[in-house]
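The values are calculated or read from the model by the stated rules, or taken from the named source; none is laboratory data. Every value quoted in this text rests on a predicted model; they were computed, and no experiment measured them. Here the Cβ positions follow ideal geometry from the backbone for every residue, glycine too, while neighbour counts run over all protein chains shown. These area figures cover heavy atoms from the full protein model, side chains too; ligands, DNA and RNA do not enter into them. Shrake-Rupley method; radii C 1.70, N 1.55, O 1.52, S 1.80 Å.
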Amino acid sequence: MTDKTSNQMWGGRFAAGPDAIMEAINASIGFDKRLAAQDIAGSRAHADMLAATGILSDSDAAAIKEGLLTVLSEIDDGRFVFSTALEDIHMNVEARLKQIVGEPAGRLHTARSRNDQVATDFKLWVRDQLDAAESGLLALMRALVGQAEAGADWVMPGFTHLQTAQPVTWGHHMLAYVEMFARDLSRVRDARARMNESPLGSAALAGTGFAIDRHMTAEALGFDRPTANSLDAVSDRDFALEFLSVASICAMHLSRFAEELVIWSSAQFRFVTLSDRFSTGSSIMPQKKNPDAAELIRAKIGRIFGANVALMTVMKGLPLAYSKDMQEDKEQVFDAADNLMLALAAMEGMVRDMSANREALEAAAASGFSTATDLADWLVRETGLPFREAHHATGALVALAEQRGCDLPDLTLEDMKGVHDAITEGVFDVLGVHNSVASRTSYGGTAPVRVLEQVTRWKETLG
């Protein structure tokens, strides 16, 4: 094969041949530069420990720590020049540090490897994302509790199969999502606690012969303890997978709520009005107000799910300890984190800004025979009918109302007695939607009194 043919096969971007391809596939600086702050924090902690254990002189440690701050300042200010030839954030930082402080920079890497260094950096970054997710979830939950308190006694239809089922309250529906996001919050906190062990000092895979103090670096970086097995420490990416799993479940909850907002804000439902800040107009239809933010939240779950599957696939066949495959661990996590934080912020904004249409909610709650279950329950309580017989009688009354083109409360007592003669005037006390929701006083029920109890509990919990 001629050089010309070879270059055509490599393609225009890689016209220089195999060396260019190897540099492109091997380099991670294009994305792992996002770990700069964590990398420098880890290196500063490592330098402190090396000095404390007598492995590094105090003067060298001081020069290294000061030089690392200079590097961080250059990165933050956009003055740092990243080099693909230096492969990753670790080598880019170390090369610049050497330019700044000279020979001491070469001593920084004593008793560590890029393997434990990247594991530490990545853990620190993921931990920051878990903290950000906690903040985002708390803000969203507070917004939902605010909506629940405002509409604790507003009646709306509850659905199963997207068909009218029973009346519920707006506050009860909002609190359902508070419970969902509370489970997400619990998973975030649980994942953070489990991953909070420091890999630093595990070196390449076997630990080091230097008399280092791993507890010191773990404490300096806010970890609870050092990892207990060096092989596992450098090959573990469970913390990233668990973050993606937590993010996926949370994104699914966000998507479910986004779907409801899309439906509720439609002209056919008119349950809510979303603010102009989270809606857009149509380029051709002036009457349109599109719930674009909700639709985009609904779509972002695909990226987050995809990241979870991608990293699981990368990790599934790797023997211990480190393999270069693991360089592919970060881009998916970065993208998923970016989109989860954006989705949480957008949803919190939509919830705070949206206005519920109380009249439309109540009108919808009263349609579709939503109090049929209340009628069946009344027949059981007041007449002693077995529930199955009461269910059958109620079904016959629903059929009669359908024939008459009316709802259950519009039937006369005579109409009802024609189906079952044990029915009395008292039945009309349960057929109104407000009576229906007020009667659901079981713990966790939709009655306004129960909703307000839960609102109080959540306000105390969330602060």
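What's the total number of residues in segment 140-180 that are out of contact with any strand residue (DSSP E or B) (no Cβ under 7 Å at 6 or more places or on another chain), among the small types (G, A, S) and part of a strand (DSSP E or B)?
Counting residues in segment 140-180 that are out of contact with any strand residue (DSSP E or B) (no Cβ under 7 Å at 6 or more places or on another chain), among the small types (G, A, S) and part of a strand (DSSP E or B) gives 0.
Can you tell which of R187, R192 is on the phi < 0 side of the Ramachandran plot, of a type outside the set (S, T, Y) and either assigned by the TED database to the domain that holds H46 or out of contact with any Lys or Arg (no Cβ under 8 Å at 6 or more places or on another chain) (or both)?
On the way: R192 fails: either assigned by the TED database to the domain that holds H46 or out of contact with any Lys or Arg (no Cβ under 8 Å at 6 or more places or on another chain) (or both).
Just one listed residue meets the conditions, R187.
Can you run down the residue pairs with Cβ atoms below 6 Å, 6 or more apart or on separate chains, where the first is in segment 54-74 and of a type in the set (G, A, S) and the partner is surrounded by 14 or more Cβ atoms within 10 Å (Cβ to Cβ) and in a helix (DSSP H, G or I)?
These pairs meet every condition: A61/A47; A61/A51; A63/V101; A63/P104; G67/L97; G67/I100; G67/V101.
Please give the number of the condition L221 fails out of (1) in the same structural domain as D335 (by the TED database); (2) surrounded by fewer than 22 Cβ atoms within 10 Å (Cβ to Cβ); (3) within 30 Å of the chain's Cα centre (by Cα).
(1)
Going by the structure shown, is A85 open to solvent by less than 20 Å² (accessible area, probe 1.4 Å) and not acidic (D, E)? Lay out the reasoning, then the answer.
Details: open to solvent by less than 20 Å² (accessible area, probe 1.4 Å): no; not acidic (D, E): yes.
The answer is no for A85.
Out of the residues in segment 414-463 that are open to solvent by 20 Å² or more (accessible area, probe 1.4 Å) and polar (S, T, N, Q), state the one that is nearest to L140 (Cα to Cα).
T461
In this structure, is E359 farther than 30 Å from D238 by Cα and assigned to a helix (DSSP H, G or I)?
Values: farther than 30 Å from D238 by Cα: yes; assigned to a helix (DSSP H, G or I): yes.
So E359 fits the description; yes.
Which of the residues spanning segment 316-367 are over 30 Å from L244 (Cβ atoms) and surrounded by 17 or more Cβ atoms within 10 Å (Cβ to Cβ)?
Listed by number, the residues that qualify are A356, N357, L361, E362, A364, A365, A366.
Taking A233 as the residue in question, decide whether it is small (G, A, S), open to solvent by less than 10 Å² (accessible area, probe 1.4 Å) and not assigned by the TED database to the domain that holds E348. I'd like the intermediate steps shown before the answer.
Working: small (G, A, S): yes; open to solvent by less than 10 Å² (accessible area, probe 1.4 Å): yes; not assigned by the TED database to the domain that holds E348: no.
Here the answer is no, as A233 does not meet what is asked.
Is it the case that segment 199-214 has a residue that's in contact with a Lys or Arg (Cβ under 8 Å, 6 or more places away or on another chain), open to solvent by 60 Å² or more (accessible area, probe 1.4 Å) and not aromatic (F, W, Y)?
For segment 199-214, residues in contact with a Lys or Arg (Cβ under 8 Å, 6 or more places away or on another chain), open to solvent by 60 Å² or more (accessible area, probe 1.4 Å) and not aromatic (F, W, Y): absent.
Do you know which of the residues in segment 98-131 that are basic (K, R) and outside any loop (DSSP other than H, G, I, E, B) is most open to solvent (accessible area, probe 1.4 Å)? Show your work before the answer.
First, pick out the residues of segment 98-131 that are basic (K, R): 98, 107, 112, 114, 123, 127.
After this cut, where a residue has to be outside any loop (DSSP other than H, G, I, E, B) as well, the list is 98, 107, 114, 123, 127.
Values: K98: 131, R107: 90, R114: 82, K123: 9, R127: 24 Å².
Once the filter is applied, the top-ranked residue is K98.
Residues being acidic (D, E) and either at pLDDT below 95 or not in a helix (DSSP H, G or I) (or both): count how many of those fall in segment 425-463.
Of the residues in segment 425-463, the ones acidic (D, E) are 425, 429, 453, 460.
Subset that is either at pLDDT below 95 or not in a helix (DSSP H, G or I) (or both): 425, 429.
Counting residues in segment 425-463 that are acidic (D, E) and either at pLDDT below 95 or not in a helix (DSSP H, G or I) (or both) gives 2.
Within segment 373-384, track down each residue that is open to solvent by 20 Å² or more (accessible area, probe 1.4 Å) and not charged (D, E, K, R). Even if it seems obvious, please write down each step before you answer.
Just the residues of segment 373-384 that are open to solvent by 20 Å² or more (accessible area, probe 1.4 Å), to begin with: 373, 377, 380-384.
Across segment 373-384, the qualifying residues are T373, V380, T383, G384.
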